[in-house]
Amino acid sequence: MVDYRDADLRLLRCKTFKGRVMAISVWRQVLTLPVIVIAMGYFVDIYDLILFGVVRVESLSELGLDKEGITLWGSIILNAQMGGMLIGGILWGILGDKKGRLSVLFASIILYSVANLLNAFVTNVEQYALLRFIAGIGLAGELGAGVTLVAEILPKELRGYGVMSIAAFGVLGVVAANIVAENFAWRNAYIIGGVLGFLLLILRFRVRESEMFQHHASDDVKRGHFFALFSHRKLFTKYIKAIVIGMPLWYVVGVLVMFSPEFAKALEISGEVTAGQALMYTYIGLSVGDLASGYLSQQMQSRKKAYTIFMVLSVVSVLYYFTLSGATAGSFYAAVFLLGVFCGYWALFITMAAEQFGTNIRATVATTVPNFVRGSVVPITSSFMLLKESMGVLGSAAVVGSVVFTIALVALYFTRETFHEDLDYIEA
């Protein structure tokens, strides 16, 4: 029986996690210092990750490039950052399993904060590309190590809430990047990102290592064995499924939102549509979706059921996006907001990946999987660009989206439920 007169604010004590309002006592257990600090870290991570896309034109113009040069070097620098993230995902994942989750959280934030500060003082595009590559390596470690740590320190009934909080707050870094870029020169925007990183580093000294990791640290087992994911059939199958189910999110962001001006033109949208505004509304939607999908997962006590519901709704929102012919810019932005909401299962995606594997390889998986999914943007966008010449913008996007969602739904069907998994074990 809920006692609404309890002066200690313990008004909403839940007997179960199904069909009830989350109790204040639950959030007191979830919003611990590690969760708050890691959520702030992911916020800074996303800010720095998206910043080049926001200041790309302004910064490259100041460095003396014309329109053609901006397009060429913008692609080169973005690919350099992405390449750094792919390499960093592997390096930080292995380090996180061998030396501990905290070692990654410290080293990665130092690396990308220094790179971002130096970005403010570049004098040519070659320096710019090199520093974005270095920043990409650093940025790759933040989310995976943070999610692994939170999954291991919270009770299994609450870890979904923890990861949900991290993702929902973190993606708002895109909004911050847009606001800062609109009010500060691009060099100052990089300085702000670097300073935020170092301020956060101070808070991280109060976060402790996972006891689960320490418990197995002395075990005579291989930890952070990345290549075992490819040489062991069972691990490889789980790993590929963990990657594939996240690809639709980056189809939506990397194609439908990044190329939103082209889609607006093809759909004859009235009014101006910019990629920057579309990205901002999408990421606000992603924040809402991460909260909603995480909450639904906790209420249903199932990662897989909640993930399936949101992926199906994501398909519906994509279909709606394609029916916007002749709509206003406001309606278009509302549609990309909905795309974000129903693609807001990033937290569930990372949680499921972490829960699929043992302690000795969990950080490797949780760090590499999201970065490989981000890397899937390259074949997805390349396929879109290739088909666009013969099928047009809408036809090409429809074909690529159909393939991506079909593969993801099949992989999700064969993915095991992990909500009640005890994570204190090692992979043989």
For peptides 316-322, 304-310, sequence by mean Cβ density within 10 Å, most packed first: 304-310, 316-322
On C-alpha positions alone, give me the angle between the axis of helix 173-183 and the longest principal axis of the chain, in degrees, nearest 10. 40 degrees
Chymotrypsin sites (Phe, Trp or Tyr not before Pro) within region 112-206, DSSP loop, no more than 14 other Cβ atoms inside 10 Å: PHE121, PHE184, PHE205
Non-local amide H neighbours of THR328 (under 5 Å, H modeled in plane, Pro and chain starts lacking H): which ones? SER270
The chain: angle of helix 159-170 to the longest principal axis, Cα-based, in degrees nearest 10: 30 degrees
Acute angle (nearest 10 degrees) that the helix 101-119 long axis makes with the longest principal axis of the chain, alpha-carbon atoms: 20 degrees
In whole angstrom, the spacing between the Cα centers of region 175-207 and region 44-64 equals 13 Å
Using only the Cα atoms of region 72-167, what are the Rg and Dmax in Å? 15.3, 51
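Determine the gain in length on full extension of the stretch MET300-ILE36; use 0.36 nm per residue of separation and subtract their C-alpha separation, reporting nm with one decimal.
My answer for the length gained is 92.6 nm.
Give LYS234/LYS304; LYS234/LYS388; LYS98/LYS305; LYS265/LYS305; LYS238/LYS388; LYS222/LYS304 a once-over and call out the pairs whose C-alpha atoms are over 31 Å from each other. Working shown, then result.
On the way: LYS234/LYS304 19 Å; LYS234/LYS388 38 Å; LYS98/LYS305 33 Å; LYS265/LYS305 37 Å; LYS238/LYS388 33 Å; LYS222/LYS304 29 Å.
Correct reply: LYS234/LYS388; LYS98/LYS305; LYS265/LYS305; LYS238/LYS388.
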Explain nothing, just the number: relative contact order of the chain, from Cα pairs under 8 Å at least 6 residues apart, as a whole percent. 22 percent
In Hz, Karplus ³J(HN,Hα) per residue of region 83-99 (6.51, -1.76, 1.60; θ = phi - 60°; x = Gly, Pro): x, x, 5, 5, 5, x, x, 5, 4, 5, x, 4, 4, x, 7, 8, 10
Would you give the gap between the C-alpha center of region 131-152 and the C-alpha center of region 393-419, rounded to a whole Å? 26 Å
Enumerate by residue number the trypsin sites (Lys or Arg not before Pro) in region 131-228 meeting two conditions: DSSP loop (anything except H, G, I, E, B), and at most 12 other Cβ atoms within 10 Å of the site's Cβ. ARG206, ARG208
Work from the charge dipole of region 56-152 (Cβ charges, +1 for Lys and Arg, -1 for Asp and Glu, about the Cα centre) and give the residue of GLY138, GLY74, GLY100 farthest towards its positive end. GLY100
Using a Gaussian network model of the chain with C-alpha springs under 10 Å, which one of THR359, THR328, THR282 is most mobile by mean-square fluctuation? THR328
Once the Cα gyration tensor of the chain is found, what semi-axes does its equivalent ellipsoid get, as square roots of 5 times the eigenvalues, in whole Å, sorted largest first? 33, 26, 22
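Read-outs: derived from the displayed coordinates by stated rules, not from any lab. Computed from a predicted model, the values in this text were never measured in an experiment. Methodologically, a virtual Cβ is constructed for each residue, glycine included, from the backbone with ideal geometry; neighbour enumeration extends over all protein chains shown.
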